[in-house]
1. Could you list log10 I(q)/I(0) for region 6-62 at q = 0.15, 0.16, 0.26, 0.29 Å⁻¹, which the Debye formula gives when each Cα is one point scatterer?
2. Rounded to the nearest 5, what % of DSSP beta bridges with both residues in the chain are antiparallel?
3. Using a Gaussian network model on the chain with a 10 Å cutoff between Cα atoms, which of 102, 71, 54 fluctuates the most?
4. Using the basic label-point model (7 angstrom from Cα toward the beta carbon), what is the residue 138 to residue 210 distance in nanometres?
5. Using every Cα-Cα pair within region 1-108, state what percent have a distance larger than 16 Å.
6. Take the Cα pairs of region 74-206, get the Kirkwood Rh, then feed it into Stokes-Einstein at 10 °C and 1.306 mPa s and tell me D in µm²/s.
7. Starting from the alpha-carbon convex hull of region 145-229, give the projected area averaged over all orientations, in nm².
8. With Kirkwood's inverse mean 1/r over C-alpha pairs for Rh, give me the Rg to Rh ratio of region 184-226, two decimals please.
């Protein structure tokens, strides 16, 4: 079964020829693809919900990959032992949920060679977490699928150089490489902030007014950066 554009982009960012864990695997499409195509030597598919777990079990059995893919029912990284895999993939969740998962099992995280994350919302928060916990962002990708823009981030152990705070929003690698979708990406960020500003203007509180001012300044900075593309 061919992967979606989003999962295909994630697949390209795992360390080839090694083990991979897919946390929140759903139907196990990603680990099945990685093992079938020889990208991963073995995979661990983690799922916390019974329904998707059973669906993944069925898909793995249909692919006859029970010996190469270990399907585990459990919460987040609790399904892993430190060092079992080189790449940990967490995709399709909000950044807050992702950081909670990572914070819950520090030994598992520290033993990994690469993290590949695809937050549905809160990519800036995800980049801040990676930087704070000494994960250096090494690759980033933007994918549009079904009119939705997805941000995919790969990081490896290491220190991130000091960078402008706007790059947590934009993506340091996306900016450095001038990704083809970068202007569209920045326009989407600006639109989101403008919408928040309009909603804040409806409030009469001092806190709302102060936040509105901060966001207006950020919008101006983002628009200035966008003109450099």
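1. -0.38, -0.43, -1.03, -1.20
2. Details: 13 of 34 bridges.
Once the DSSP bridges in the chain are tallied, antiparallel ones form about 40 percent.
3. 54
4. 4.2
5. Working: 3097 of 5778 pairs.
Roughly 54 percent, rounded to a whole number.
6. Numbers: Rh = 15.9 Å.
Translational D for this selection: 100 µm²/s.
7. If you wrap the Cα atoms of region 145-229 in a convex hull and average its projections, you get 7.3 nm².
8. Numbers: Rg = 10.7 Å, Rh = 10.5 Å.
My calculation puts Rg/Rh at 1.02.
None of the figures in this text is laboratory data; all of them are computed from the coordinates on show. Only a predicted model underlies this, so the values are computations on that prediction, with no experimental measurement involved. FYI the Cβ positions are ideal-geometry reconstructions off the backbone, even for glycines, and counts take in every protein chain you see.
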